[in-house]
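Since the structure comes first, as structure tokens, the remarks are kept for the end.
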Amino acid sequence: MEPVKIGLLGLGTVGGGTVNVLARNRDEIARRAGRAIEVVHASARDLAKARICSLDGITLTDKPEAVVDDPQVSIVVELMGGTDLARDLTLRAIDAGKHVVTANKALVALHGNEIFDAARRRGVMVAFEAAVAGGIPIIKALREGLAGNRIEWIAGIINGTGNFILSEMRDKGRDFEDVLAQAQSLGYAEADPSFDVQGIDAAHKLAILAAIAFGKPLAFDKVYTEGIEKVTPEDMHDAGQLGYRIKHLGIARRTGEGVELRVHPTLIPERRLIANVNGIMNALLVMADAVGPTLYYGAGAGAEPTASAVVADLVDVVRTLTTDPNNRVPHLAFQPDAISTLPMLSIDDAVTAYYLRMLAKDRPGVLAEVATILGNAGISIEAVVQPQPPHGASQAKLILLSHPVRERQMNIALGQIEALDSISGKVTRIRVEQLDGD
Ligand code: NAP
Ligand code: HSE
């Protein structure tokens, strides 16, 4: 049978990795897909730039629309990044009856509802395994492997760059900026690395995971997002003393009231497997009613791990080229006419435990004042630590772990604590999750 001809938009880290994996594993891939897969046309901005892959047999252009419009291309692989041009080209490909594979989580999170709707109407597939957690086949696991379950929650380390930074800071005492620069040079970071550092990339991925897990439309604007910029070596150390690690987690949880979607640094018990996922690796813990907890682990970024997911999508698309579009796996797992109406909850409604660190005047009664405020707000304390202050210091560090409480109540209590004459500055607050189940 004739090879399936594909066009690549982007020949950077992921595009180059995809060309390499397709070339190296050509025969194995053809045995799985039923046909060979051949890259015939590719676009990039700078045609003179050195590439990590061979361009033999590939027509190169700086006009991405030429790839989309090429009549011999039946699958367009979008690996450019960004949302405006990527959206236009994706819709243009769909309009032309071409299938699309993308690694672009920002595109899917922001424009996925429109794109999947257009794809459904045109009877084409838009596959996006590489958009979440790099090489881990989590989309397939949620959409197909766990299709018999009611998914209760997902908690994941879903940004490799952020995890790399936190791991290197904790284990090697390295400087934040220095590790970020290394992540950029290794091709892990986004074109705009603030997406990694501020949690935006993780929020894109969480929005995608939640849609697939709970059968809801994509709702990136409903994800509460905090980055890793404020995590200090001091908090990492103090968390360690209490038996916890700080990880940047994306959490999607179904509650009796709706769906919580939040991305933030989180203390998790160091005995949990996920607490020991370091460097560029990602991991997702999924709690589902029938199977119980399942854990998915693997490289979250990089050329070939991401290409692994891109090529798996290509194989899936090629396998289904001849199937009836109405009988394919739905893009977002649930049938489009069976979308849930569960509300998305605000962060104020989230229920979680907290690590609180504050500087207090070293005098009797301060702890009682803080405990009274927390007690009046209905917040019970699980642990209190007051490390010995340095000799002669007038202030002492106070660390508290609370039991789970609604965020709104905690905000009120923190406002009152920060207003105390005996407390200096802001209270550092990091949410704590037990993630029972691994
Ligand atoms: P990258 O290395 O910056 O590559 C982007 C490619 O697209 C480059 O070849 C670039 O051309 C081309 N390009 C960008 N803007 C263009 C434009 N306006 N017109 C024409 N060509 C354009 O990015 P990447 O790391 O491969 O990431 C690609 C996508 O995969 C992004 O959506 C990213 O979020 C996603 N992703 C990345 C990873 C990862 O580990 N890197 C993992 C999962 C998902 P030049 O090379 O000439 O500049
Ligand atoms: N910048 C992303 C990360 C790439 O570091 O996780 C993979 O999505």
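The values are calculated or read from the model by the stated rules, or taken from the named source; none is laboratory data. In this text the structure is predicted, and so the values were computed from the model without any measurement. Cβ: placed from backbone, ideal geometry, glycine included. Neighbour counts: every protein chain shown.
What are the residues in segment 153-203 that are away from ligand 1 (no atom under 12 Å from the Cβ), free of Cβ contacts under 8 Å to residues at least 40 places away in the same chain and not in a helix (DSSP H, G or I), if any?
Within segment 153-203, Arg174, Asp175, Gln198 qualify.
Is it the case that segment 302-317 has a residue that's over 21 Å from Phe128 (Cβ atoms), out of contact with any Leu (no Cβ under 7 Å at 6 or more places or on another chain) and within 16 Å of ligand 1 (Cβ to nearest atom)? Talk me through it step by step, then tell me what you get.
Taking segment 302-317 first, the residues over 21 Å from Phe128 (Cβ atoms) are none.
Looking through segment 302-317, none of the residues is over 21 Å from Phe128 (Cβ atoms), out of contact with any Leu (no Cβ under 7 Å at 6 or more places or on another chain) and within 16 Å of ligand 1 (Cβ to nearest atom).
If you check Arg271 against the conditions, is it farther than 18 Å from Ala203 by Cβ and more than 21 Å from the chain's Cα centre (by Cα)? Walk me through how you get there before you give the answer.
Numbers: farther than 18 Å from Ala203 by Cβ: yes; more than 21 Å from the chain's Cα centre (by Cα): yes.
In short, yes.
Mind checking which residues of segment 100-118 are touching a strand residue (DSSP E or B) at 6+ places or on another chain (Cβ under 8 Å) and within 17 Å of Phe195 (Cα to Cα)?
Those that are touching a strand residue (DSSP E or B) at 6+ places or on another chain (Cβ under 8 Å) and within 17 Å of Phe195 (Cα to Cα): Ala103, Asn104, Leu107, Val108.
Between Val318, Val263, Val310, which is in the same structural domain as Ile115 (by TED's automatic domain parsing) and within 16 Å of ligand 2 (Cβ to nearest atom)?
Working: Val318 fails: within 16 Å of ligand 2 (Cβ to nearest atom); Val263 fails: in the same structural domain as Ile115 (by TED's automatic domain parsing).
On inspection, the qualifying residue turns out to be Val310.
On the basis of being surrounded by fewer than 19 Cβ atoms within 10 Å (Cβ to Cβ), more than 16 Å from ligand 2 (Cβ to nearest atom) and closer than 18 Å to Asn163 by Cβ, does Leu295 make the cut? Step through it out loud before you land on a result.
Numbers: surrounded by fewer than 19 Cβ atoms within 10 Å (Cβ to Cβ): yes; more than 16 Å from ligand 2 (Cβ to nearest atom): yes; closer than 18 Å to Asn163 by Cβ: yes.
So Leu295 passes the test.
Only residues in segment 104-123 that are within 20 Å of Thr306 (Cβ to Cβ) count as the first member; pair them with residues that are basic (Lys, Arg) and surrounded by 22 or more Cβ atoms within 10 Å (Cβ to Cβ), Cβ under 7 angstrom, at least 6 apart or cross-chain, and list the lot.
Note: pairs meeting the criteria are Lys105/Lys205.
Identify, from the list Gly187, Gly227, Gly134, Gly160, the residue that is within 16 Å of ligand 2 (Cβ to nearest atom), at positive phi and either of a type in the set (Ser, Thr, Tyr) or crowded, with 22+ Cβ neighbours inside 10 Å (or both).
Details: Gly187 fails: either of a type in the set (Ser, Thr, Tyr) or crowded, with 22+ Cβ neighbours inside 10 Å (or both); Gly227 fails: at positive phi; Gly160 fails: at positive phi.
When all the criteria are applied, what remains is Gly134.
Please indicate, with yes or no, whether at least one residue in segment 21-34 is in a strand (DSSP E or B) and either among the basic types (Lys, Arg) or over 26 Å from Thr320 (Cβ atoms) (or both).
Our first condition is that a residue be in a strand (DSSP E or B); within segment 21-34, this holds for none.
Within segment 21-34, not a single residue is in a strand (DSSP E or B) and either among the basic types (Lys, Arg) or over 26 Å from Thr320 (Cβ atoms) (or both).
For segment 71-116, enumerate the residues that are among the basic types (Lys, Arg), more than 17 Å from Thr320 (Cβ to Cβ) and more than 16 Å from ligand 2 (Cβ to nearest atom).
Residues of segment 71-116 among the basic types (Lys, Arg): 87, 92, 98, 105.
Narrowing the set further to residues that are more than 17 Å from Thr320 (Cβ to Cβ) leaves 87, 92, 105.
Result: Arg87, Arg92.
Only one of these conditions is not met by Ile280: (1) outside the structural domain of His248 (by TED's automatic domain parsing); (2) of a type in the set (A, V, I, L, M); (3) more than 18 Å from Ile154 (Cβ to Cβ). Which number is it?
Every condition holds for Ile280 apart from (1).
Out of contact with any His (no Cβ under 9 Å at 6 or more places or on another chain) and within 16 Å of ligand 2 (Cβ to nearest atom), is that true of Gly365? First the steps, then the outcome.
Numbers: out of contact with any His (no Cβ under 9 Å at 6 or more places or on another chain): yes; within 16 Å of ligand 2 (Cβ to nearest atom): no.
The answer is no for Gly365.
Scanning for something in contact (Cβ under 8 Å) with a residue 40 or more places away in the chain, away from ligand 1 (no atom under 13 Å from the Cβ) and touching a strand residue (DSSP E or B) at 6+ places or on another chain (Cβ under 9 Å), does segment 87-99 turn up at least one residue? I'd like the intermediate steps shown before the answer.
The initial filter retains those residues of segment 87-99 that are in contact (Cβ under 8 Å) with a residue 40 or more places away in the chain, namely 89, 99.
Add one more test, that the residue is away from ligand 1 (no atom under 13 Å from the Cβ), and what stays is 99.
Narrowing the set further to residues that are touching a strand residue (DSSP E or B) at 6+ places or on another chain (Cβ under 9 Å) leaves 99.
Within segment 87-99, one or more residues are in contact (Cβ under 8 Å) with a residue 40 or more places away in the chain, away from ligand 1 (no atom under 13 Å from the Cβ) and touching a strand residue (DSSP E or B) at 6+ places or on another chain (Cβ under 9 Å).
Regarding segment 353-365, can at least one residue be identified that is in a strand (DSSP E or B), out of contact with any Pro (no Cβ under 6 Å at 6 or more places or on another chain), crowded, with 16+ Cβ neighbours inside 10 Å and of a type in the set (Ser, Thr, Tyr)? So that I can check it myself, show each step before the final result.
First pass over segment 353-365, keeping only residues in a strand (DSSP E or B): 353-361.
Then drop every residue that is not out of contact with any Pro (no Cβ under 6 Å at 6 or more places or on another chain), which leaves 354-361.
With the extra rule that they be crowded, with 16+ Cβ neighbours inside 10 Å, the set shrinks to 354-360.
Retained after the next criterion (residues that are of a type in the set (Ser, Thr, Tyr)): 354-355.
Yes: one or more hits.
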